[in-house]
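Undergrad: Got a structure for you, written out below as structure tokens; questions coming shortly.
The values are calculated or read from the model by the stated rules, or taken from the named source; none is laboratory data. Quick caveat: nothing in here was measured; it's all calculated off a predicted structure. Glycine gets a Cβ as well: all are built from the backbone with ideal geometry, and neighbour counts include every protein chain shown.
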Amino acid sequence: MGFGAPPGAATFLELKDTPETYAGQALKLAKVKTTEDGLNLDLLLSFTDWYAGGAPTSYPWLFEPDVPFASGMIFSPIILDGVTGQYHVFVTGAADEFYKFNIDTKQYHKLTDAPSLISNHLALSPDGNKLAGGASTRLYIYDIEANTWTQSPTAPQITATDVEVMCLVWADNDVIWAWVRADVTGTWTIKCYRYTVSTETWDSYANSITPAIVWATACSIKTDGSAVYASPLGANYYSWQRYTIATDTYGGGNLGATSRRAIGASDRNAKIWTHVTNAWISYWNCDTDSFIDSGISQNTLEDKASNWTGGFLETSKAIYWARAANPKLMSYFGTGSWRLAQKTLTDYNLVVFRKPADGFAISCVNTAAGYYIPIHLFDVLCLPAGTWEFFYPKDGDYTKLKISGSVLK
């Protein structure tokens, strides 16, 4: 064929017959053959269905795309958007970067960065309009609608020693209770402070404690607002502490079993979330001071042994840092998820995904390589070698899905 510019000039592209075999044969996707009648182009790929709407395997937990920053994950509680009906969670980390993650669409939205490193969790106000996090000696308050941060004054000292905010919970839309610690001449001293947002004032009280373990990452409050809870805080890593507001007194106990530790989370619904690897996520009921060993279903793909952080909504929805390597983030949403298929590839494969625009994503996961790819609509991917699994939320209709992989003729 000839074409070119200026007029009269021409260039030619020559296509020769493809050899039957040659170096790199496995990467040959098409075969060219010249004939007297023209050019034959034969696509050497055919497709076979890996999944075509049949009954899949039930699995409660779902992989999520990893956070778009280098390290650490600090979560807010899970929030239901009353307008869109979608669930999201706010997340920050060691780099102070701040995002909203839409759990339904699998998308991160960049927001104004946190002014400083937030410790352990983000607490949500009862009206859902504000978040609060502890950072060294003060609180940072985030206005969700305005996408702006403000900071509290420095928290009061303990015995002329600066304090560090460990964990916190909102009592109402204006009052936050925060557990603080200070290293007073070599002894960690603990108090529970009250902070009023509207007046920007701290209130500290007379009594304090000096427990052996002072790494509180979880916080909650009784339903009637009479006492504030934190863990791990006490004689060991499985301990909790209670601060009774009216009497300015402290007391505590253990989280039901010596193997359980608190998950770094703030929950206003009288729950300290607890966990042990590959077991149910359970909780300490702050209203009854009892351990509830039937919270959220077991996650057999988890391999992180401690220092969990997460966000929760009631006892049916959770998102947490579950794995040591990518993909690290996993979620559970009551109905759970389906595993549509698992396929081990020995080379690159073209894969065709057919699905409706239903608001739910097919999750393509290669845990060994740390790959996570969400598929929202009809799409074609070229997946590398490895073992791939394909998941889909149970809230969607799996009968309308099809996944087809390429095969060389």
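Undergrad: Anything in region 79-119 that is free of Cβ contacts under 8 Å to residues at least 24 places away in the same chain and assigned to a loop (DSSP other than H, G, I, E, B)? List them, or say none.
TA: Across region 79-119, the qualifying residues are Asp81, Gly82, Val83, Thr84, Gly85, Asp96, Asp113, Leu117.
Undergrad: Return only the number of the condition from (1) more than 30 Å from Ala368 (Cβ to Cβ); (2) surrounded by fewer than 18 Cβ atoms within 10 Å (Cβ to Cβ) that Thr277 does not satisfy.
TA: Every listed condition holds for Thr277 apart from (1).
Undergrad: Can you tell me which residue in region 171-181 is farthest from Thr217 (Cα to Cα), limited to those that are surrounded by fewer than 22 Cβ atoms within 10 Å (Cβ to Cβ) and in contact with a strand residue (DSSP E or B) (Cβ under 7 Å, 6 or more places away or on another chain)?
TA: Only one residue tops the list, namely Asp174.
Undergrad: Could you pull out the residue among Phe333, Phe360 that is more than 30 Å from Ser46 (Cα to Cα), touching a residue at least 40 places away in the same chain (Cβ under 8 Å) and not assigned by TED's automatic domain parsing to the domain that holds Lys106? Even if it seems obvious, please write down each step before you answer.
TA: Numbers: Phe360 fails: more than 30 Å from Ser46 (Cα to Cα).
Just a single option satisfies the conditions, and that option is Phe333.
Undergrad: Just to be sure, is Asp174 of a type in the set (D, E, K, R), free of Cβ contacts under 8 Å to residues at least 24 places away in the same chain and in the same structural domain as Leu131 (by TED's automatic domain parsing)?
TA: Working: of a type in the set (D, E, K, R): yes; free of Cβ contacts under 8 Å to residues at least 24 places away in the same chain: no; in the same structural domain as Leu131 (by TED's automatic domain parsing): yes.
So Asp174 does not fit the description; no.
Undergrad: Quick check on region 120-140: of everything there that is polar (S, T, N, Q) and outside any strand (DSSP E or B), which residue is surrounded by the most Cβ atoms within 10 Å (Cβ to Cβ)? So that I can check it myself, show each step before the final result.
TA: First, the residues of region 120-140 that are polar (S, T, N, Q): 120, 125, 129, 136-137.
Remaining after also requiring outside any strand (DSSP E or B): 125, 129, 136-137.
Numbers: Ser125: 21, Asn129: 13, Ser136: 14, Thr137: 17.
Once the filter is applied, the top-ranked residue is Ser125.
Matching residues to (1) at pLDDT 90 or above; (2) of a type in the set (Gly, Ala, Ser); (3) closer than 30 Å to Trp177 by Cβ:
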| site | (1), (2), (3) |
| --- | --- |
| Ala270 | yes, yes, yes |
| His275 | no, no, yes |
| Asn278 | no, no, no |
| Trp284 | yes, no, yes |
| Asp293 | no, no, yes |
| Asp303 | no, no, no |
| Ser306 | no, yes, yes |
| Gly334 | no, yes, yes |
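Undergrad: Of the residues in region 294-319, how many are among the acidic types (Asp, Glu) and either surrounded by fewer than 17 Cβ atoms within 10 Å (Cβ to Cβ) or over 14 Å from the mean Cα position of the chain (by Cα) (or both)? Even if it seems obvious, please write down each step before you answer.
TA: Of the residues in region 294-319, the ones among the acidic types (Asp, Glu) are 302-303, 314.
Pick out the ones that are also either surrounded by fewer than 17 Cβ atoms within 10 Å (Cβ to Cβ) or over 14 Å from the mean Cα position of the chain (by Cα) (or both) and you get 303, 314.
Total satisfying the criteria: 2.
Undergrad: Could you check region 354-387 and list, in sequence order, the residues that are in contact with a Lys or Arg (Cβ under 9 Å, 6 or more places away or on another chain) and under 16 Å from Trp61 (Cα atoms)?
TA: Ala361, Ile362, Ser363, Thr367, Tyr372, Pro374
Undergrad: Consider Ser125 carefully, then state whether it is within 27 Å of Asp66 (Cβ to Cβ), among the small types (Gly, Ala, Ser) and touching a residue at least 24 places away in the same chain (Cβ under 8 Å). Spell out the reasoning first.
TA: Details: within 27 Å of Asp66 (Cβ to Cβ): no; among the small types (Gly, Ala, Ser): yes; touching a residue at least 24 places away in the same chain (Cβ under 8 Å): yes.
No.
Here is a yes/no grid of residues against (1) outside the structural domain of Cys167 (by TED's automatic domain parsing); (2) farther than 25 Å from Ala132 by Cα; (3) more than 27 Å from the chain's Cα centre (by Cα); (4) surrounded by 18 or more Cβ atoms within 10 Å (Cβ to Cβ):
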{"position": "Val214", "(1), (2), (3), (4)": "no, no, no, yes"}
{"position": "Ala230", "(1), (2), (3), (4)": "no, no, no, yes"}
{"position": "Tyr243", "(1), (2), (3), (4)": "no, no, yes, yes"}
{"position": "Ala262", "(1), (2), (3), (4)": "no, no, no, yes"}
{"position": "Ser266", "(1), (2), (3), (4)": "no, no, no, yes"}
{"position": "Tyr283", "(1), (2), (3), (4)": "no, no, no, yes"}
{"position": "Thr288", "(1), (2), (3), (4)": "no, yes, yes, no"}
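Undergrad: A follow-up question, please. Give just the number: which of (1) aromatic (Phe, Trp, Tyr); (2) over 19 Å from the mean Cα position of the chain (by Cα); (3) modelled with pLDDT of 95 or more does Phe390 not satisfy?
TA: (2)
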